[in-house]
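Structure first, commentary second.
The values are calculated or read from the model by the stated rules, or taken from the named source; none is laboratory data. The structure presented is a predicted model; accordingly, all values stated were derived computationally and were not measured. Backbone-built Cβ (ideal geometry, glycine too); neighbour counts: all protein chains shown. Please note that ligands, DNA and RNA were not included when accessible areas were found on the heavy atoms of the full protein model with its side chains. Shrake-Rupley method; radii C 1.70, N 1.55, O 1.52, S 1.80 Å.
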Amino acid sequence: MRDVELHMPATPKAVPELRHRLHGYDYDVRLCATELLTNVVDHVGDGTPVRVRVVALDIPTRTRIEVADPDPRGMPTVLSAAETAECGRGLVLVAALAERWGVERGPGGKTVWCEVVRGRGAADFGEAVPRTHRHQDAEPDGEPGDLQRVVVDSVAE
């Protein structure tokens, strides 16, 4: 599969457009990409310029999805949504589908990324796969402008 890099405004209309542009990729890749884009619309702002990258990794069968935005402040976190809530499950889906996900912050903004196994087919949410999440700071807080990285590994129990 070819690598993709797109520059677009994060808008509700861009979400189905992104899904369409990634039509050759597995369902899990398309879902993670659109959920990460939707998070920018909801939490950074409608119209925020973003860069979306989808890259086949050297690690066999993995695809990396990145969505970069110019706001370095907000750090995405997995939250528990109320059963009746109409939103708040985007990162829960990403964490369930991805082998790893995380955030890289720098002076020009942040990149939220995840790595998905290719060829697995659509996830079956009929049976929940229990996962644990390890939060790991790769670098301690440093000088302003230093790259900060948070990595979350999802490991089936």
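On the basis of the beta-carbon distance and an R0 of 25 Å, residue 8 and residue 59 show a calculated FRET efficiency of 0.35. The overall shape of the stretch 1-83 is prolate: from the C-alpha gyration tensor, with semi-axes ordered a ≥ b ≥ c, the ratio a/c is 1.5 or greater and a/b exceeds b/c.
Stretched out straight at 0.36 nm per residue, the stretch from residue 77 to residue 1 would grow longer than its current Cα-Cα span by 24.4 nm.
Dipole orientation for the stretch 1-102: of the candidates 101, 34, 60, 60 has the Cα lying most toward the positive pole (charges on Cβ; Lys, Arg +1; Asp, Glu -1). Ranking 8, 75, 1 by solvent-accessible area of protein heavy atoms (1.4 Å probe, all protein chains present), from largest to smallest, gives 1, 75, 8. For the stretch 1-99, applying the loop criterion from DSSP together with a ceiling of 13 other beta carbons within 10 Å to the GluC sites (Glu not before Pro) yields 83, 86. Converting phi to 3J(HN,Hα) with the Karplus coefficients 6.51, -1.76 and 1.60 and the offset θ = phi - 60°, the stretch 14-22 yields 5, 5, x, 5, 5, 4, 5, 5, 9 Hz in sequence order, with x at every glycine or proline.
Largest first, the residues 31, 36 sort by 1.4 Å accessible area into 31, 36.
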